[in-house]
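Data first, discussion second: the structure below is written as structure tokens.
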Amino acid sequence: MLRKELIGRESESVVVKIKPEEVRRFAEATGVPYNDRVPPTFVGTLLHASIAGVELPIVGMIHGEQKITYYRQLRIGEAISYKKRVKDIYDRSGKLGKMTFIVLETIGYDLTGELVFSSSSIIIAPVKEEAQ
């Protein structure tokens, strides 16, 4: 179960190289022309960072929203270092019952330490009622 105590917890840094073949496959899968540039939503594929105590995916989970801010263009062939952090966790009730909203933040730097991008994602998971 995801609890508020996880807010602020973050992953270790992960270093990845932006490979041309991965960018090309991503562009094709999303219907974006591949022109040797990294599509803006490519950072959503950075899933290697895991946060202790946060087990994703959760059965029934949906992706609610994603915001990405670039501070400069991400380049094919460059290596970046990124971390994920639990920014917030809160509950809401809706037509389908109680749901937990998890806000994850991802921050990416190049290897000189320059900030390249930040991303915020909201994941929505149904809350399973505990047996009494």
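List of remarks:
- So Y109, is it in contact with a Phe, Trp or Tyr (Cβ under 9 Å, 6 or more places away or on another chain) and closer than 16 Å to L46 by Cβ: yes
- Of the residues making up the stretch 1-45, those that are open to solvent by 70 Å² or more (accessible area, probe 1.4 Å), not in a helix (DSSP H, G or I) and not basic (K, R) are M1, E10, E12, V15, P33, Y34, N35, D36.
- Selection within the stretch 51-75: residues that are over 14 Å from the mean Cα position of the chain (by Cα) and not aliphatic (A, V, I, L, M). The member of this set that is surrounded by the most Cβ atoms within 10 Å (Cβ to Cβ) is Y70.
- Which numbered condition K67 misses (of (1) without any contact (Cβ under 8 Å) to a residue 40 or more places away in the chain; (2) touching a Ser or Thr at 6+ places or on another chain (Cβ under 8 Å); (3) not in a loop (DSSP other than H, G, I, E, B)): (1)
- Residue in the stretch 70-82 that is modelled with pLDDT of 95 or more and in contact with a His (Cβ under 9 Å, 6 or more places away or on another chain) present: yes
The values are calculated or read from the model by the stated rules, or taken from the named source; none is laboratory data. Just so you know, these numbers come straight off a predicted model, no measurement behind them. As a convention, Cβ positions derive from the backbone with ideal geometry for all residues, glycine included, and neighbour counts pool all protein chains shown. In case anyone asks, the SASA skips ligands and DNA or RNA and just uses the protein heavy atoms, side chains included. Shrake-Rupley method; radii C 1.70, N 1.55, O 1.52, S 1.80 Å.
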